[in-house]
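To keep things clear, I will list the structure first and then write my remarks on it.
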Amino acid sequence: KQEVTQIPAALSVPEGENLVLNCSFTDSAIYNLQWFRQDPGKGLTSLLLIQSSQREQTSGRLNASLDKSSGRSTLYIAASQPGDSATYLCAAAPSGGYNKLIFGAGTRLAVHP
Amino acid sequence: DTAVSQTPKYLVTQMGNDKSIKCEQNLGHDTMYWYKQDSKKFLKIMFSYNNKELIINETVPNRFSPKSPDKAHLNLHINSLELGDSAVYFCASSQEREGLDTQYFGPGTRLTVL
């Protein structure tokens, strides 16, 4: 049974810092891995999707990597801004699971000016 | 244009009542989902439909019944509401694209059972 863990649970950093959010999953048989952002009281916004055969994806200041053999993904945020403050969720889609996403509990990020 | 919309946004009701939440997507996707986010913010999938057919049905009480009248709509009906049903319910949709099936989420429906 796939389980997804995110570390740290919460992070507070000053503006401008580069930071790394970690995600680990127990079953390496995944279809893809997705990172989402959730603002308070809102739905989820997709940030990056890494296919099973890929090692990383980039979008603007965000870079996500995937290492299936070790069951890990990291989300790197460069030059953080107060607008990046949100909860970041990692989700793994198991192979053969009809894109059924298994979510981690999230990392709550606060970027202060 | 709202891609995935849900109604209502808030729902407050008494224990034992029956209620429905509606979801619509205008993205032309063929797969839709219902997720539940509990008080600890943990998101768990409940159901998924592909072209109006149920393909994922997690261990959800049978008081919860999804219905998909067409591939743009997936509604969730809940009978005999219980206190533990209080949560935020999210609808999502995606298009099958060989590993590139990004899921798009609605804004959520906050259900409070008193």
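Where a number appears in this text, it was derived from the coordinates with a stated rule and is not lab data. A quick note: this is a predicted structure, and the numbers were derived from the prediction, not measured. Positions of Cβ are generated from backbone atoms using ideal geometry, with glycine treated the same way; all protein chains shown enter the neighbour counts.
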Legend entry - Whole-Å semi-axes of the protein assembly as shown's equivalent ellipsoid (Cα gyration tensor): 29, 21, 16
Legend entry - Neighbour net charge for residue B:55 - beta-carbon separation under 12 angstrom, K R +1, D E -1: -2
Inset, instruction - Would you mind putting A:12-22, A:84-94 in packing order, based on average other-beta-carbon counts within 10 Å, highest first? - result: A:84-94, A:12-22
Inset, instruction - Please give the average number of partner chain Cβ atoms lying within 10 Å of the Cβ of each residue in B:38-46, rounded to a whole number. - result: 4
Inset, instruction - Identify, among B:13, B:23, B:91, the residue whose Cα sits farthest towards the positive end of the charge dipole of chain B, taking +1 on the Cβ of Lys and Arg and -1 on the Cβ of Asp and Glu, with the dipole about the Cα centre. - result: B:13
Legend entry - Pairs of lysines in the protein assembly as shown (C-alpha under 16 Å apart; 8 or more residues apart or interchain): 21
Legend entry - R0 of 22 Å, Cβ-Cβ distance residue B:73-residue B:13: FRET efficiency to nearest 0.05: 0.50
Inset, instruction - State the volume of the convex hull built on the alpha-carbon positions of chain B, expressed per residue in Å³ and rounded to an integer. - result: 99
Legend entry - Net dipole in debye of chain B [+1 Lys, Arg Cβ; -1 Asp, Glu Cβ; about Cα centre; nearest 20]: 380
Inset, instruction - Rounded to whole Å and sorted largest first, list the principal axis extents of the Cα atoms in chain A. - result: 44, 28, 20
